[in-house]
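Q: Before I ask anything, here is the structure I am working with.
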Amino acid sequence: MSEYYIDECPICRQGALIVVKTKDRNAFFVMCDDCESQWESPEEAIRGAEPLSDEVGVVDATLEEIEKQGWIGYIKNL
Amino acid sequence: MSDVKDIAESVATRLDDNFNEILFEWSYGLLGDREQYQASTARDIHAFENTVQSGIDKVQRIGDAIEREDYQAVGGELFDPAVSVGVFLGTRGKGLPGPDKNIPGLDWSKLSRRTGGDAAQHVTRNHGSLNLNKPNQGVFYSDAVETTNDAWRIAKTENIQPLTVGNRDIYVVPRANSGYAGGAGGQLQNFDYVTLITEKGTNRVVTSFPTGSTPPLPKSYDFPLLQEVKQ
């Protein structure tokens, strides 16, 4: 389980929104760790936008990668 | 004695013949006086036929009551309910009614794009035991997979339709005592629903967890607004 989460998932209301990356590290997404819905940015996830229809294999992003992506401000449990 | 034995053998080899004749011969052979017992045998046969017909009629009445789901009437007809119902169903080539036989089960093969585990591992890990790191968490009382399968059966039997959000179908299935409110914020309240999430339009499980009454709807749900009355 990822240590860093953004908010409660707007879809299932059970999972946590976490930052993940594709395995080649070329793209970052926000993902629910329970229903695994994915969004392109924290803003879209938080406001409950339509999740991405094409889901990709991912791994958890590190804190450094989240900071480099400019999303560190969204992390709640720092 | 040999006559009785011969008659019994004869009866045994002619089981396909007319039943009345067999019964008559059996009665005559045992009692030994054709004329004296012919009348009583005939009465016995007639009484037996009446009893058989009564049984046939009774089974028909039971069957009719079952088909119209009048179980009070069924109870009134029966001396041995299980046997009589079984005879009725059996004579019509039917088995016990069961909602499971024609309901396709859940597909648990979806692999997590993050962890690589299948859906059963995912549901069990996330909702099979208490995790205080989660702010909100539905936790199953018993086996997460079995409970979810049962919820799916209920959903299909009762034709519960899902709420579709993005590429997820969300089923909220009433199922008493499915779990409790866990996580850091949960107060161990009993949960009487199972929320089951599948890939849209499929039976492939994404996740499943117990919930209270209807959980909060997704933020993106399009709530219909009350139209203002134009002056």
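Q: Please find, within the stretch B:101-158, the residue that is nearest to B:G183 (Cα to Cα) out of those that are within 23 Å of the chain's Cα centre (by Cα) and among the polar types (S, T, N, Q).
A: Step by step, filter the stretch B:101-158, then rank; the result is B:S142.
Q: Here's something else I'd like to know. Please enumerate the residues belonging to the stretch B:145-177 that are within 14 Å of chain A (Cβ to nearest Cβ) and touching a strand residue (DSSP E or B) at 6+ places or on another chain (Cβ under 7 Å).
A: Answer for the stretch B:145-177, where residues must be within 14 Å of chain A (Cβ to nearest Cβ) and touching a strand residue (DSSP E or B) at 6+ places or on another chain (Cβ under 7 Å): B:T148, B:P162, B:L163, B:N167, B:R168, B:D169, B:I170, B:Y171, B:V172.
Q: Can I ask one more? Among the residues that make up the stretch A:36-59, is at least one of them outside any helix (DSSP H, G or I), closer than 17 Å to B:N133 by Cβ, within 11 Å of chain B (Cβ to nearest Cβ) and at pLDDT 90 or above?
A: Of the stretch A:36-59, the ones outside any helix (DSSP H, G or I) are A:36-41, A:47-59.
Adding the requirement that they be closer than 17 Å to B:N133 by Cβ leaves none.
For the stretch A:36-59, residues outside any helix (DSSP H, G or I), closer than 17 Å to B:N133 by Cβ, within 11 Å of chain B (Cβ to nearest Cβ) and at pLDDT 90 or above: absent.
Q: Just give me the residues in the stretch B:115-134 being assigned to a loop (DSSP other than H, G, I, E, B), touching a residue at least 12 places away in the same chain (Cβ under 8 Å), out of contact with any Phe, Trp or Tyr (no Cβ under 7 Å at 6 or more places or on another chain) and more than 9 Å from chain A (Cβ to nearest Cβ), in sequence order.
A: Scanning the stretch B:115-134 gives B:L130, B:L132.
Q: Please indicate, with yes or no, whether at least one residue in the stretch A:11-34 is within 9 Å of the chain's Cα centre (by Cα) and assigned to a loop (DSSP other than H, G, I, E, B).
A: yes
Q: Which residue is nearest to A:C12 (Cα to Cα), if the candidates are limited to the stretch B:169-209 and must be surrounded by fewer than 18 Cβ atoms within 10 Å (Cβ to Cβ) and of a type in the set (D, E)?
A: Per the criteria, the residue is B:E199.
Q: Now for a different question. Does B:D64 count as among the charged types (D, E, K, R), surrounded by fewer than 14 Cβ atoms within 10 Å (Cβ to Cβ) and modelled with pLDDT under 85?
A: No, not satisfied.
Q: So, one more: Taking the stretch A:1-58 only, how many residues are touching a Leu at 6+ places or on another chain (Cβ under 9 Å), touching a residue at least 40 places away in the same chain (Cβ under 8 Å) and not hydrophobic (A, V, I, L, M, F, W, C)?
A: 4
The values are calculated or read from the model by the stated rules, or taken from the named source; none is laboratory data. This structure is a prediction, so every number in the text was calculated from the model and none was measured. Counting neighbours? That spans all protein chains shown, and the Cβs are built from the backbone with ideal geometry, glycine included.
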